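Below: one structure, written as structure tokens.
The values are calculated or read from the model by the stated rules, or taken from the named source; none is laboratory data. The model shown is predicted, which means the values in this text are computed figures rather than measured ones. Using ideal geometry, Cβ is built from the backbone for each residue, glycine included, and neighbour counts are taken over all protein chains shown.
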Amino acid sequence: MEEVEYCDPFDGKKYDYWMKLEHAGRYEFAKNFICENVKNGKVADISCATGYGTKLLANVCEQIDGYDLRKEYLKLAEKRKIKNANFYEIDFNKQLLKDKKYDIVVSFETIEHIENTENFIKSLKNIVKKDGYLILSVPNPKYEQLDEFGNIIYKYHKHVFSKEQILKLVSDFGFETKQILGQSLCNRIVSNFHNLRHERAESYNKKLLNKYKYSKQAIVMNSYLYSYPDEVLIDDSYSYIFICKKI
């Protein structure tokens, strides 16, 4: 399968069903977290891409701002015409966010893509209100493929972070980690699939693409069944999800 930089779980296209569920599950969790903690607050969606998650979160907040590096993604995000959303182009390697404040900042699968990690975390620190929340997801290094020299194979990733490294990093920048979650069930299914012999895996993949419904409603529903973040077998999840509070 061709490497992709990001996944839109709601685009209706038939590819990597389980990846779609993981992405949808994280945003569904964030949406519910906002409802329970700061409903009608101000939210930032960091690395919003084409705004599929921004649109989901916009339903439960007063104002949401999406940030991304790629102009082509942001143009597609703006075409969604989300009434309470604004979108901004930013390169976190070079620019520092500091003029806005949010009740909750969501950043899924972002920090590993950025060379200047310190600049990125500083931006998050600057824009989260005191007693506000950061929901951060980071790939589990257990599943990061490396070459024989220890270099990252996936061309879009710049770093590999352990759970302990992220805990220290957010702590150093004024966040207290309240909870760590994962999506182990979905990842277990993917692992079982990868363990099939190649011939069977290829056949099984075709059956998967034909069996599952790729409508937004079906993706959301199945994300609750297979990939909604929880505390079960966290270290078997493809990504760690950190719930942090600024202190």
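Give the stretch 224-247 a look and list any residue that's in a strand (DSSP E or B) and over 17 Å from the mean Cα position of the chain (by Cα), or say none. Once the filter is applied, which keeps residues that are in a strand (DSSP E or B) and over 17 Å from the mean Cα position of the chain (by Cα), the stretch 224-247 yields 245, 246.
Residue-wise test of (1) in contact with a strand residue (DSSP E or B) (Cβ under 8 Å, 6 or more places away or on another chain); (2) among the acidic types (Asp, Glu); (3) free of Cβ contacts under 8 Å to residues at least 24 places away in the same chain.
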residue: 89; (1), (2), (3): yes, yes, yes
residue: 96; (1), (2), (3): no, no, no
residue: 106; (1), (2), (3): yes, no, no
residue: 114; (1), (2), (3): no, no, no
residue: 122; (1), (2), (3): no, no, no
residue: 127; (1), (2), (3): yes, no, no
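For the stretch 128-162, a residue qualifies if it is in contact with a Lys or Arg (Cβ under 9 Å, 6 or more places away or on another chain), within 18 Å of residue 177 (Cβ to Cβ) and of a type outside the set (Asp, Glu), and the qualifying residues are 128, 129, 130, 132, 133, 134, 135, 137, 138, 140, 141.
Every condition in (1) farther than 23 Å from residue 94 by Cα; (2) in a helix (DSSP H, G or I) is met by residue 74 except one, and the failing one is (1).
Looking at the stretch 66-77, is at least one residue among the basic types (Lys, Arg) and in contact (Cβ under 8 Å) with a residue 24 or more places away in the chain? No, the conditions are met nowhere in the stretch 66-77. Using the structure shown, decide if residue 14 is modelled with pLDDT under 95, assigned to a loop (DSSP other than H, G, I, E, B) and either under 15 Å from residue 84 (Cβ atoms) or of a type in the set (Val, Ile, Thr) (or both). For residue 14, the condition - modelled with pLDDT under 95, assigned to a loop (DSSP other than H, G, I, E, B) and either under 15 Å from residue 84 (Cβ atoms) or of a type in the set (Val, Ile, Thr) (or both) - is not met.
Looking only at residues of the stretch 47-98 that are of a type in the set (Gly, Ala, Ser) and over 18 Å from residue 126 (Cβ atoms), we find that the one that is farthest from the chain's Cα centre (by Cα) is 85. Annotation: of all residues in the stretch 146-156 being assigned to a loop (DSSP other than H, G, I, E, B) and among the hydrophobic types (A, V, I, L, M, F, W, C), the one that is nearest to residue 93 (Cα to Cα) is 153. Exactly one residue out of 40, 86 is at negative phi, exposed (fewer than 15 other Cβ atoms within 10 Å of the Cβ) and not acidic (Asp, Glu): that is 86. Considering the stretch 56-65, and only residues there that are free of Cβ contacts under 8 Å to residues at least 24 places away in the same chain and in a strand (DSSP E or B), the residue that is nearest to residue 113 (Cα to Cα) turns out to be 64. Would you confirm, using the coordinates I've provided, whether residue 193 is hydrophobic (A, V, I, L, M, F, W, C), within 17 Å of the chain's Cα centre (by Cα) and modelled with pLDDT under 95? Against the criterion (hydrophobic (A, V, I, L, M, F, W, C), within 17 Å of the chain's Cα centre (by Cα) and modelled with pLDDT under 95), residue 193 does not qualify.
Counting the residues of the stretch 48-72 that are surrounded by fewer than 24 Cβ atoms within 10 Å (Cβ to Cβ) and among the polar types (S, T, N, Q) gives 2. The sole residue among 59, 32 that is farther than 17 Å from residue 241 by Cβ and not small (Gly, Ala, Ser) is 59.
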